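Participant: Just dropping this structure here.
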Amino acid sequence: MKPYRVFLALPVIQLCFLSLFTATPAHADRNPGNSFASKKYAVYLYNAEEGSTTISFEDNLALVINAYDGFGLYLPIGTLFFALYWAPKYHEEDDLLLIFNGVLVSDFIEGWGVVLPNYKFTGIFLFFGYEE
């Protein structure tokens with residue numbers, strides 16, 4: 001066999017070998033894909049104006065934070081998530097933008113984020129909580 005044919009065949013052999021040992025779920029209900037969907041968490045905020053609130057993750061990737069009147073979106077990646085939350089006219093004067101991420105560990109959630117009132121960086125906040 002010529003050397004370039006062996007070189008071209010290596011990726012195909014590797015893919016076949018990996019497919020034999022990669023676990024794939026047999027049923028969709030064992031791997032839902034979105035571990036946050038339809039869950040609500042009571043969270044405590046550190047270094048933020050509000051001390052505690054609830055965060056709700058909807059099925060349609062919408063995010064609701066009860067302490068702020070606004071709307072958010074989240075992107076789940078396994079047990080990690082990234083989120084943006086926008087509260088227009090927060091305290092009747094400024095817009096509030098929160099950019100944060102977190103991780104889900106069993107029934108607990110934790111993470112950190114950036115607070116941007118009127119789209120200016122003011123600080124970082126931490127949060128942790130549990131599923132309701």
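What follows draws every value from the coordinates through simple rules; no lab data is involved. Note that the structure is a prediction, hence the values are computed from the model and not measured. Here Cβ is always computed from backbone atoms with ideal geometry, including for glycine, and neighbour counts include all displayed protein chains.
Participant: Would you tally the net charge around residue 40, using a Cβ to Cβ cut-off of less than 15 Å, leaving residue 40 out, and scoring K and R as +1, D and E as -1?
Facilitator: Net of charged neighbours comes to -4.
Participant: Aspartates and glutamates within cross-link reach of residue 40: Cα-Cα under 14 Å, excluding same-chain residues under 8 positions apart?
Facilitator: Excluding near neighbours in sequence, the set is 58, 59, 107, 110, 131, 132.
Participant: Can I ask one more? I want to check the label-to-label distance for residue 130 and residue 64. Put each point 7 Å from Cα in the C-beta direction and report it in nm to one decimal.
Facilitator: According to this spin-label approximation, the distance is 2.3 nm.
Participant: Suppose R0 equals 30 Å; then what is the FRET efficiency for residue 79 and residue 121 from their Cβ-Cβ distance, rounded to the nearest 0.05?
Facilitator: 0.60
Participant: For region 35-123, which trypsin sites (Lys or Arg not before Pro) pass both filters: DSSP loop (anything but H, G, I, E, B) and at most 11 other C-beta atoms within 10 Å?
Facilitator: Sites meeting the loop and neighbour criteria: 120.
Participant: Pull out the extension gain between residue 39 and residue 86, defined as 0.36 nm times the separation in residues minus the alpha carbon to alpha carbon distance; nm, one decimal.
Facilitator: Here the answer is 14.9 nm.
Participant: Counting other Cβ atoms within 10 Å, which chymotrypsin sites (Phe, Trp or Tyr not before Pro) in region 28-132 have at most 14 and lie in a DSSP loop?
Facilitator: Loop-located and lightly packed - 119, 121.
Participant: Still on this model: Each residue of region 104-111 in order: what ³J(HN,Hα) in whole Hz does its phi give by Karplus 6.51 cos²θ - 1.76 cosθ + 1.60, θ = phi - 60°, with x for Gly and Pro?
Facilitator: 9, 10, 6, 9, 10, 10, 8, x
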